[in-house]
Amino acid sequence: MHQIIHYDIAALFVNSIIILLFFRRNNIPALQNRIFFALLIDCFFTVLFETLSVLFIENPELVPRAIIWIVNCLYFTFLYLFSLIACSYSISVVDYFDNARRRQLISIKYILFIPIVISVIFVWMSPLYDFTNQKLLGVFYLDENNIYQRGSIFFLNGYVMSVYYAVLSIGFLIKYKKNLRTSSANRMIAFFALCYSGAVIQFLLPNVLIQCFVISLAILLFEITIRHPEDIIDVNTGLFNQLAFVSSNSKFKRHQRCSCIGLVLDDVSFISNTFGINQFNKLLKIVSDTLVKEFPSASIYYLGQGQFIFVFKKTTKWDIQKLIGKLQNIFSKPWKSDSITIKLYMKLCIIQCPDDAASPEDVIDLISITTDSERYGTAVVYASEINIEHKRRTSYIEYSLRSGLFENRFEVYYQPIYSTKKKKLIGAEALIRLRDEEGQFISPEVFIPIAEKTGTILRIGEFVFESVCKTLSEIDLESCGIEKIDVNLSVAQCMQEILADQLLTIISMYKLPKSIINMEITETAMAHTPEVLLRNIEKLVEAGIEFSLDDYGSGYSNMNYMLTLPFSMIKIDKGIVWSAFSDKRACLALKSTIKMISELGMAVLAEGVETKEQSDWLTELGCDYLQGFYFAKPMPKKDFIELMKKE
């Protein structure tokens with residue numbers, strides 16, 4: 001039976017193109033890509049040995065019978081291995097190998113390898129059956145004229161095994177499809193369907209060698225439509241990008257030891273703004289090419305914003321020190337790009353995995369910390385010195401601050417203020433509260449410093465002031481007995497030239513008496529922008545809004561602020577109040593402070609009152625107002641209004 005090999009010759013050509021494409025593209029050094037490369041090589045040798053087999057069989061006088069047997073056995077071995085490798089690739093695509101437990105990995109190895117081992121054994125036993133004159137027991141045999149014939153177990157050994165691996169592949173794709181985009185999962189299934197359709201055609205037309213050609217076409221379509229190496233390459237540097245680094249996570253999931261060095265270029269924004277983005281990209285390309293040349297054993301990734309990651313296999317402390325020295329030497333010299341010569345400064349972060357980082361995301365977080373945080377200002381930072389949990393918590397709070405404003409998760413609480421002269425509650429201090437996405441409170445002591453650093457505090461401050469004004473405009477102030485509401489001003493707000501106009505616009509919009517509002521500022525705010533703050537205070541006081549100095553005694557108290565600024569009240573920090581009950585010197589200082597403030601014509605409010613004894617004693621000392629848990633904890637506006645109505 002004459003066999004047509006034209007399709008095999010075409011398949012060899014297609015396979016050569018695919019292999020060339022594979023090597024021309026950058027591929028992540030990951031298990032998935034190694035399996036895909038094995039698939040390409042297996043397909044190539046399958047076609048090669050099938051072609052040789054046909055040529056040898058049709059020219060038996062030129063080739064020894066033993067060579068024909070060996071070539072045929074190699075053909076069937078590679079053909080059967082294709083099913084195993086294709087199945088392994090589908091399992092790797094859904095990240096099963098990276099996420100499975102040790103016992104599961106052992107089980108899947110048995111499931112994958114036992115059928116192929118049995119099939120290959122039957123293939124290589126076929127010549128033995130031929131020599132013992134039991135030809136029909138083999139997978140194939142050669143008759144007296146060296147004509148290829150199928151043996152009795154050909155169907156069972158080949159097609160049943162192929163169906164087994166196809167079902168296993170599709171089963172994994174369906175079960176773990178959540179790890180793939182729907183389109184990718186469908187294309188993978190279509191890939192297997194196309195591959196095995198070739199086997200069906202060749203089974204029906206045994207003289208037309210089309211199976212390998214169909215498989216080669218399927219792989220080519222797969223390479224073009226599913227694999228997109230360009231998605232993982234940074235356009236400017238030609239290096240793997242952040243997506244590639246996150247995707248190459250098998251080392252981390254298997255807890256294999258490796259070393260990562262994060263290299264961060266300083267003043268990236270300054271360089272790109274000064275010389276232009278095009279010139280900066282050229283400079284970046286020169287740096288990248290130099291790093292690739294100098295560190296051929298490393299996998300190098302570019303994250304953007306002047307951040308690189310080097311991944312090395314097992315390295316000793318001495319190796320790391322040599323790498324650091326080599327990088328420092330490279331960057332000790334100026335860089336040249338066109339007519340520009342510039343010195344680049346860098347910072348290094350040394351990360352030992354998995355001790356310092358258990359995932360690619362951990363590595364990126366650590367490098368980000370060394371970039372953003374002023375706490376790590378040295379040229380070389382070791383990840384073991386970094387508190388990554390603190391950074392993550394900070395990042396989460398930053399996210400909660402931004403999303404909280406959009407999703408209305410901020411709320412104003414009110415902590416009542418007691419008048420010692422009127423012996424009743426006369427108002428409250430407005431306090432901001434924030435819930436996270438799960439409804440849990442985030443402490444103001446935690447989120448306010450972060451909000452001040454990020455600038456979110458400006459919007460929070462405006463929200464609090466407008467919320468207070470809106471609440472007061474909706475109730476009968478006289479029947480509720482509300483005489484004054486204290487609202488805090490942050491340092492960032494006090495730095496704004498438009499602060500006074502902004503507050504006056506809001507209070508006028510709600511048609512409130514300006515005397516109902518008392519603004520609280522701290523000594524820190526006054527220290528930052530005394531001139532701007534003074535102008536804002538004078539404008540607001542002139543309009544009828546009162547001011548208090550908050551947390552007096554908590555820091556380096558400046559008597560000058562209290563004497564020169566138009567405060568109507570001084571709020572004594574709870575730390576001073578509590579100390580006065582256990583320390584005689586603190587007690588004497590508190591008495592003197594209260595007396596001095598009163599004689600200067602300002603009211604005194606004591607914070608942190610928690611017992612009746614404290615309340616009575618502070619009243620006796622001359623405090624005009626008291627605030628603390630003894631009277632009430634901070635509460636939502638509804639509860640506060642109901643409490644005030646009962647007064």
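The values are calculated or read from the model by the stated rules, or taken from the named source; none is laboratory data. Values in this document were obtained by computation on a predicted structure and should not be read as measured data. Cβ coordinates were reconstructed from backbone atoms using ideal geometry, including for glycine residues, and neighbour counts include every protein chain displayed. When the accessible area is computed, the model is the full protein with side chains, heavy atoms only, and any ligands, DNA or RNA have been set aside. Shrake-Rupley method; radii C 1.70, N 1.55, O 1.52, S 1.80 Å.
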#### Entry: Residue-averaged [θ]222 nm for the chain, counting only DSSP H segments that reach four residues, each worth -39500 (n - 2.57)
-17500 deg cm²/dmol
### Message
Using 0.36 nm times the number of residues separating Phe13 and Asp319, minus their current alpha carbon distance, what extension gain do you get?
### Response
105.7 nm
### Query
Using a Förster distance of 22 Å, how high is the FRET efficiency between Asp355 and Ser395, based on the Cβ-Cβ distance and rounded to 0.05?
0.50
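On a 19 Å Cα-Cα criterion, which of the cross-link pairs Lys422/Lys584; Lys484/Lys571; Lys539/Lys595 come out too long?
Distance filter (> 19 Å) returns Lys422/Lys584; Lys539/Lys595.
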### Task
Please give the net charge around Ile170, taking every other residue with its beta carbon less than 13 angstrom from that of Ile170, where Lys and Arg add +1 and Asp and Glu add -1.
+3
### Query
Once you sort the root eigenvalues of the Cα gyration tensor of segment 1-125 as a ≥ b ≥ c, which label holds: rounded (a/c under 1.5), prolate (a/b larger than b/c) or oblate (the other case)?
oblate
### Task
Please list, in chain and number order, the residues 5+ apart from Glu546 or on another chain whose amide H is under 5 Å from its amide H, with Hs placed from the backbone.
Ile517, Met519
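Provide the net charge surrounding Leu209, with neighbours chosen by a C-beta distance below 9 Å and charges set as Lys +1, Arg +1, Asp -1, Glu -1. Let's see the in-between values first.
Details: positive: none; negative: Asp8, Glu50.
Once all neighbours under 9 Å are counted, the net charge is -2.
With every protein chain kept in the model, how would you rank Phe23, Phe82 by accessible area, 1.4 Å probe, largest at the top?
Ranking Phe23, Phe82 by accessible area, largest first, yields Phe23, Phe82.
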### Summary
Karplus ³J(HN,Hα) for segment 209-214 (6.51 cos²θ - 1.76 cosθ + 1.60, θ = phi - 60°; Hz, whole; x = Gly/Pro) runs 7, 10, 4, 5, 5, 5
### Query
What percent does the relative contact order of the chain come to when contacts are Cα pairs within less than 8 Å and at least six residues apart?
9 percent
### Message
Quick check: the angle from helix 530-543's long axis to the longest principal axis of the chain, C-alpha only, nearest 10 degrees?
### Response
60 degrees
### Task
Just subtract the alpha-carbon distance of Phe203 and Arg24 from 0.36 nm times their residue separation and send over the number in nm, one decimal.
60.9 nm
### Message
Counting other C-beta atoms within 10 Å, and keeping those with at most 13, which DSSP coil trypsin sites (Lys or Arg not before Pro) do you find in segment 423-493?
### Response
Lys423
## Note on the structure
Result for the chain: accessible area per residue, probe 1.4 angstrom, in square angstrom, of 50 Å²
### Query
So how far apart, in nm, are the two label points at Ile498 and Ser473 if each is 7 Å from Cα heading toward Cβ?
1.9 nm
### Query
So, in nm, how far is label Trp578 from label Leu55 when the simple model puts each one 7 Å beyond its Cα toward the Cβ?
9.0 nm
## Note on the structure
Helix 637-646 sits off the longest principal axis of the Cα atoms of the chain, rounded to the nearest 10 on a 0 to 90 degree scale, by 30 degrees
### Query
Roughly how many whole Å is it from the C-alpha centroid of segment 55-107 to that of segment 379-430?
62 Å
### Task
Output the Kirkwood hydrodynamic radius of the chain, Cα pairs only, in Å rounded to one decimal.
31.8 Å
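To the nearest 0.05, how large is the calculated FRET efficiency for Gln440 and Ala589 if R₀ is 51 Å and r is the Cβ-Cβ distance?
Details: r = 39 Å, r/R0 = 0.77.
Given R0 = 51 Å and the Cβ-Cβ separation, E is 0.85.
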### Query
So, in nm, how far is label Arg101 from label Tyr164 when the simple model puts each one 7 Å beyond its Cα toward the Cβ?
2.6 nm
### With Cα atoms, 0 to 90° folded angle of helix 31-57 axis to the chain main axis
10 degrees
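With a Förster radius of 51 Å, plug the Cβ-Cβ distance of Arg433 and Lys177 into 1/(1 + (r/R0)^6) and report the FRET value to the nearest 0.05. Can you show the working numbers first?
Details: r = 42 Å, r/R0 = 0.83.
Working from the Cβ atoms, E equals 0.75.
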### Message
For a test of the definition: using alpha carbon positions, the gyration tensor, and the 1.5 limit on a/c, classify segment 559-647 as rounded, prolate or oblate.
### Response
oblate
### Message
For the full complex of protein chains and a 1.4 angstrom probe, list Tyr399, Tyr301 by accessible area with the highest value first.
### Response
Tyr399, Tyr301
### Summary
Of Ile111, Ile68, Ile210, ordered by accessible area with the largest first and a 1.4 Å probe, the sequence is Ile111, Ile210, Ile68
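Run the accessible area of the chain with a 1.4 Å probe and give the carbon-and-sulfur part as a rounded percent.
Carbon and sulfur together cover 58 percent of it.
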### Summary
Contour minus Cα-Cα span, Ala193 to Ile340, at 0.36 nm per residue, comes to 47.3 nm
